[in-house]
Amino acid sequence: MPKLGEIPPEVQIGNGESVTLTFDTVSDIGLIHGERGTRYAFPVRLSDGRAAVLKGGKRLLSAIQEAVGTRQGNLTLKVTARGNAGSLDRTYHCETVG
């Protein structure tokens with residue numbers, strides 16, 4: 001069982017905000033099954049090197065899949081959220097940088 005300091009923090013992105021992070025395409029993606037459908041947990045590294053988790057539903061998954069395509073390895077992604085978190089108007093734009 002992990003200790004408190006071993007659990008990476010969740011990345012929070014507000015409406016209109018962006019975050020730049022590193023994602024390793026070979027890392028395991030967590031699946032979180034709930035009453036409102038499946039959510040995905042992407043293990044990432046923040047720009048300062050800290051480990052974190054980016055969570056979201058099908059819209060986040062689709063945005064990341066589109067940006068990553070067939071590329072492999074560590075990719076730097078810029079993820080922008082639009083709309084209120086947890087609402088049906090929430091969308092994501094994801095692009096590779098660098």
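Just so it is clear, none of the values below were taken in a lab; they were calculated from the coordinates. Quick caveat: nothing in here was measured; it's all calculated off a predicted structure. Glycine gets a Cβ as well: all are built from the backbone with ideal geometry, and neighbour counts include every protein chain shown.
Quick rundown of the values:
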item	result
Theoretical gain in end-to-end length, residue 41 to residue 70 [0.36 nm per residue, Cα-Cα removed]	8.5 nm
24 Å Cα-Cα reach of residue 78 towards lysines, excluding residues that sit fewer than 8 places from it in its own chain	55, 58
Residues 11, 97 arranged by fewest to most Cβ contacts within 10 Å	97, 11
Percentage relative contact order, the chain, counting C-alpha pairs under 8 Å, at least six apart	31
Helix-only CD estimate at 222 nm, as mean residue ellipticity for the chain, using -39500 (n - 2.57) per DSSP H run (n ≥ 4)	-3500 deg cm²/dmol
Listed residues 47, 18, 87, most fluctuating in the chain (Gaussian network, C-alpha, under 10 Å)	87
Cα-projected label distance for residue 96 with residue 28, points at 7 Å along beta-carbon direction, nm	2.5
Rg in Å to one decimal, and Dmax rounded to a whole Å, for the chain via C-alpha atoms	13.2, 38
Sorted by Cβ neighbour density within 10 Å, fewest at the top, the residues 61, 54	61, 54
Rounded, prolate or oblate (a/c below 1.5 giving rounded, otherwise prolate when a/b exceeds b/c) for region 48-89 by Cα gyration tensor	oblate
Residue exposure sequence - 13, 64 - by fewest surrounding Cβ within 10 Å	13, 64
